[in-house]
Amino acid sequence: MSFSLTPTKEVKPMATVSITHGVPGVGKTSLWAYAPDPLFLMVKDEVGLQTLIDKGRVPNVQHFPEPAQSMEHVNAACDAIISGQVKCKTFIIDTGNSVETLIHSQVTEECYNNDKSQFMQFHAGFETSLPYVINFISKLRRIRAKGIAVSILCHTRVKTFKNPLGSDYDRYVPQVHEKTWELLNNFADMVLFANYEVTEQQKVSKGKIKAAPVASQAYLYPVRTAAYDAKNRHGLTGRISMGKTGQEAWANLERALKSCKTSGKQEPEVEPETQPETGKDAA
C-alpha cells in the first residue's frame, strides 16, 4: 500500500468554526456582521440582525430574507451554500439554541406524536434528538470543507456545576442541552464568551453611601475558567475588548488572531480610550 502525502507548503489552513455565547445585548451579532463576506441565517424569532441593519448600526450584510422556522428551512439554507448556489466566506447562524429548539420540535412531531410530555419523559427526547444534531453538524462540516468559516451565536445561561472535588458553583454556559453542547463544543475550534466587565460605583442614597454594580466595557474571553465555557486552538490567552462598535470588536479579534499566527502569542490587550454605553450597537 502506498500513500501520496501533500507537501506541508501546500497545506491550506482550515476554515475556523466558532461559537460565541454571551449575555443579551453584548454585541454578538454586531461583531460577526463585520466578518469577511458574511452570510447570516436568522432562526425563529432571532431578528436582531435586521433591527441593527434598519437602525444603521451594522452594514446591510447578506442574509437569508426570512428567519428559518423549521429544520427543513435550516437544511435548505445549508444545502444552498454547499451547492454553491449562495456564496459567502463566513456563514453565521443566529442562534444555535434556536436551531436546537427547531430540532426538538421536529423530534416531538416525528417521534412522540407531537406530545411534548412524551418528549420530556425521562428526558428521552433529548437523547432522540442527538442524531438530528449530528446531522446538522455534518452539514456545517461540509460547508467548512468548502473553505467557508462557520460561526454559531448562542445565548448564555447560568448553570450550577456539580463539583465532585469541592463546593458547587455557578458558571455561564451556552443555552443548549448539555449533550447538544458536548457535540457543538467538540466541533468548534474557538468558543468565545462575551460579557460586560462589571465594576462597583459608589452612590449616595438617603444619606448613605452604597456600592452599585455597573456594566461598562464588553470583552471576549477565549479561555475556559470556572466562571464560563470558552476555548480556542489559536493561542489566544487574554480577554479581547469589544470596543464601542461591532467593527471595532471585529478589528480587535482579528488583530489578536493575527498576532498569534505570526508570533505564536497574543499581543497585550489594547484598552479603549472611553467606555461605551451599555447595550449600544449590540445584539
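Each value in this text was obtained by applying a stated rule to the coordinates, not by laboratory testing. Here the structure is a predicted model, which is why all the values come from computation and not from measurement. In this analysis, Cβ positions are derived from the backbone assuming ideal geometry, glycine residues included, and neighbour counts consider all displayed protein chains.
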Handout entry: Residue-span extension gain [E72 to V198] - 0.36 nm each, minus C-alpha spacing
Key = 41.3 nm
Problem - Linear extension gain, F122 paired with A80, 0.36 nm per residue minus alpha-carbon span - result: 11.4 nm
Exercise for the section: Mind running the shape call on region 15-263? Use the C-alpha gyration tensor, a ≥ b ≥ c as the square roots of the eigenvalues: rounded below 1.5 for a/c, prolate if a/b tops b/c, oblate otherwise. Expected result: oblate
Exercise for the section: Among L183, L153, L39, L253, rank each residue by its count of other Cβ atoms within 10 Å, from fewest to most, as a rough exposure measure. Expected result: L183, L39, L253, L153
Problem - Residue order, fewest to most surrounding Cβ atoms within 10 angstrom, among M120, M71, M242, M42 - result: M120, M71, M42, M242
Handout entry: When each of K116/K146; K44/K179; K55/K179; K28/K258 is checked by Cα-Cα distance, pairs over 31 Å
Key = K116/K146; K55/K179
Practice task
Compute the normalised compactness of region 96-194: alpha-carbon radius of gyration over 2.2 N^0.38 Å, N being the residue count.
Solution key: 1.21
Exercise for the section: Could you order peptides 192-198, 162-168 by the average number of other Cβ atoms within 10 Å of their residues, highest first? Expected result: 192-198, 162-168
